[in-house]
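Following: one structure in structure tokens, then a few remarks.
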Amino acid sequence: MDRRAALRLLSASAAAVAIPDDLTDLGRALHARLGAGATRRVLDRHQDEAVVALSDLILPATDTPGAKAARVNEFIDLLLAEWCEAPECDQFQAGLAMVDERARAAFGKDFVAGTVAEQTALLTALDDEAARWGASPTATRGPEPFYRRLKWLTLFGYFTSEIGAEQEQHFRIIPGRYVPCAPADTLAGSE
């Protein structure tokens, strides 16, 4: 899925659009705490590499930096360490192990060792499964698929990062100019 499609998905999804300001503030606060030499607190080295590979396939670099440049892996690790209970961390780590199991079954090696084509094919299958889960009746769903959670955390981490906010969404705290009480149709293209 490309970044534009992800933005359309966020816009179309009531749950994603309804992200409260305090959750956005949390994301930005977590990014501010990622120092230059952030250390992993929950994920081991292999799991971290898997999160880098997975998140960068979800939001790859295009004309703007992707999830890897936004340090989404470090964001997810910090979020797991400080905001998730032990069972949630265990579920996330079990999800990463499941991705490796599926990769070994599909192409004979761990996910991070696969080619981009192999990784993409597996992610496409996981995305399709998550979409079927989301479209199924709530009463028959079962637990949320790992990939759905990973995708949400990737989008959350990316779009609350400086890269995601400023370079992708063109968020500016101070606009280019102040135009009080102007009709909306006169503002288009005025900056």
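Coordinate-derived values only; no laboratory data. Just so you know, these numbers come straight off a predicted model, no measurement behind them. Methodologically, a virtual Cβ is constructed for each residue, glycine included, from the backbone with ideal geometry; neighbour enumeration extends over all protein chains shown.
Comparing 59, 94, 81 along the charge dipole axis of region 36-106, the residue lying farthest to the positive side is 59, per the Cβ-charge model.
Using the Cα centre of region 42-164 as the reference point, and only Cβ charges (+1 on K/R, -1 on D/E), how large is the resulting charge dipole? Debye, rounded to the nearest 20.
360 debye
Full extension of the chain between residue 105 and residue 34 yields a length gain of 22.0 nm, computed as 0.36 nm times the residue separation minus the alpha carbon distance.
Here the simple spin-label model places points 7 Å from the Cα toward Cβ, and for residue 144 and residue 162 these points are separated by 2.9 nm. Simple spin-label estimate for residue 113 and residue 97 gives 1.8 nm between the two label positions (7 Å along the Cα-to-Cβ direction from each Cα).
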